[in-house]
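Remarks on the structure that follows.
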Amino acid sequence: MNKKTLKTYGIESKSQLQGKKCYEVLHNSSTPCTCCINTKLKRGQFVEGKSYNPRIKRHLLTKDTIVEYNGRLYRLNLSIDVTKQEAYTKALKKYQDLETVVNEAIKTAMQMHNSDDAINIILEYLGKTLNGERTYVFEKNENNCDDNTYEWVAMGVTPQKENLQNIKPEICGNWYAFFDEGKPIVINDIEDIIEDNPKQYEILKAQNIKSIVVVPIYYENKAIGFYGIDNPPLHDIDYVKNMLEITGHFIVAQIKNRDLIKELNNMSYIDQLTKIGNRHAMRKYVNEMNKSRSIGVVYCDVTGLKRVNDTEGHAAGDALICKASEIVNEIYGDYGVFRIGGDEILALCSTIDEQEFNERSVRLKKAVEDKAVSMAIGTSWQSKSGESIREILHEAEQLMYADKAEYYKKMKIERRR
């Protein structure tokens, strides 16, 4: 053994080797190695191999042969320490394996019909592959607070999404400072942040988070949120960070796609003036409602709209329509409210019982009176909508026209006075 080898094995003097077998010195074993290659060695030929020596915890590239010296045969061993190269190779393979999984996840997610499902699939793949306890997405809301919008949790882990809504900006403010510089957040031990950010620490601690990796979500070069993983294995934390950064582009693309579809749906189904549903939304509601259940219909007409338009201008008329829509929406917004004409507003209440429907009708008429908005109102309720939805709508419409006629009759009498 040369000096380097003696030092590697912690042997101070060659005298310590006298009388000992190679397996005792090199492998700290009391019996010959089961993989010993002595019988395979020949003079003039090298046998190459690679092995891991648990005693010195090193990966070795070996070359062995038989040499003759002073009439005796010796085994000559040349060992090259390739631990760093081996670690690199393993790391490279791990990256390749992880990338394969991520690519498979993206491939599967791309087959989904909507972005919500696609994002949930990615989070599940990442959580399982990276051995995390929870993966999630947070997005900035209109109040500049953070909402947990998507979540996957491992078996036995408590979901947290419902508890993590409208998180104040100062809680994650330091994270966004890093995001603005293009940097992710890696916390190996949350105990390290207890002094610098006690509020953030309390929130993380309450979720049983010990370590965390978070990467930003960018839109037009601005961080609009983040996504990450809780309690990944610490020895893999660099891999976790890199994989999150790789898949981040897909997450952003899905969020953009989701928002675009939402905007297109709004344009298709939302009345742009009042922000309630339009005729297309009404048809969709009718097609999707349970025809075997009850239905309540409220047909409203904003009376006096033409007079307001003529005397005060169309801006005032639009304001009147919006005010009327708000009143109806306040009462029936948990069902379906639609603007189906210039001055006509319709509420459809699928599955509502008769008593509640009548109570809401009373509330509507009182709200109209209290807020000084003139509306003709017709209501109709049936225990089963069936295929007679047109008849129910027609009945409510006729009652609305009767109320409207009564309104104008009353107005004419008052004018005469």
In region 106-152, residues that are buried (at least 17 other Cβ atoms within 10 Å of the Cβ) and of a type in the set (S, T, N, Q) total 6
Give the residues of region 30-50 that are at pLDDT below 80 and surrounded by 10 or more Cβ atoms within 10 Å (Cβ to Cβ), sorted by residue number.
CYS33
For region 298-319, give me each residue that is of a type in the set (A, V, I, L, M, F, W, C) and out of contact with any strand residue (DSSP E or B) (no Cβ under 6 Å at 6 or more places or on another chain).
LEU305, VAL308, ALA315, ALA316, ALA319
Filter result (buried (at least 16 other Cβ atoms within 10 Å of the Cβ), touching a Leu at 6+ places or on another chain (Cβ under 8 Å) and more than 20 Å from GLU369 (Cβ to Cβ)) within region 307-339
GLY317, TYR335, GLY336, PHE338, ARG339
Got a sec? Which of VAL252, VAL297 is within 21 Å of the chain's Cα centre (by Cα) and of a type in the set (A, V, I, L, M, F, W, C)?
VAL252
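Here's the yes/no breakdown for (1) closer than 28 Å to GLU406 by Cα; (2) in contact (Cβ under 8 Å) with a residue 40 or more places away in the chain; (3) not basic (Lys, Arg):
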{"residue": "ASN265", "(1), (2), (3)": "no, no, yes"}
{"residue": "VAL308", "(1), (2), (3)": "yes, no, yes"}
{"residue": "GLU312", "(1), (2), (3)": "yes, no, yes"}
{"residue": "ASN329", "(1), (2), (3)": "yes, yes, yes"}
Is it the case, given these coordinates, that TYR227 is closer than 15 Å to GLY132 by Cα, among the aromatic types (Phe, Trp, Tyr) and in the same structural domain as ILE255 (by TED's automatic domain parsing)?
yes
Residue under evaluation ALA315, criteria (1) small (Gly, Ala, Ser); (2) more than 30 Å from LYS291 (Cβ to Cβ); (3) modelled with pLDDT under 90, criterion not met
(3)
Tabulated pairs, region 65-86, first farther than 13 Å from ARG43 by Cβ, second small (Gly, Ala, Ser) and surrounded by 10 or more Cβ atoms within 10 Å (Cβ to Cβ), C-beta under 8 angstrom, 6+ apart or interchain
none
Note: among ILE246, ILE251, ILE270, just one is in contact with a strand residue (DSSP E or B) (Cβ under 7 Å, 6 or more places away or on another chain) and either hydroxyl-bearing (Ser, Thr, Tyr) or more than 16 Å from ASP116 (Cβ to Cβ) (or both), namely ILE270
Restricting region 341-363 to residues that are touching a helix residue (DSSP H, G or I) at 6+ places or on another chain (Cβ under 7 Å) and surrounded by 16 or more Cβ atoms within 10 Å (Cβ to Cβ), which is farthest from ARG293 (Cα to Cα)?
ASP343
Filter result (among the hydrophobic types (A, V, I, L, M, F, W, C), in contact (Cβ under 8 Å) with a residue 60 or more places away in the chain and surrounded by 13 or more Cβ atoms within 10 Å (Cβ to Cβ)) within region 224-262:
ILE224, PHE226, ILE229, VAL240, MET243, LEU244, ILE246, PHE250, ILE251, ILE255
Are there any pairs, at least 6 apart or on different chains, whose C-beta atoms fall under 8 Å, with the first in region 274-285 and free of Cβ contacts under 8 Å to residues at least 40 places away in the same chain and the second of a type in the set (Val, Ile, Thr) and assigned to a helix (DSSP H, G or I), and if so, which?
none
Filtering region 363-409 for residues that are touching a residue at least 24 places away in the same chain (Cβ under 8 Å) and within 45 Å of the chain's Cα centre (by Cα) leaves a count of 23
Looking at (1) part of a helix (DSSP H, G or I); (2) under 35 Å from the mean Cα position of the chain (by Cα), find the lone condition where ALA347 falls short.
(1)
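The values are calculated or read from the model by the stated rules, or taken from the named source; none is laboratory data. Everything numeric here is computed off the predicted structure, so don't read it as measured data. Reconstructed Cβ throughout: ideal geometry from the backbone, glycine too, with neighbour counts over all protein chains shown.
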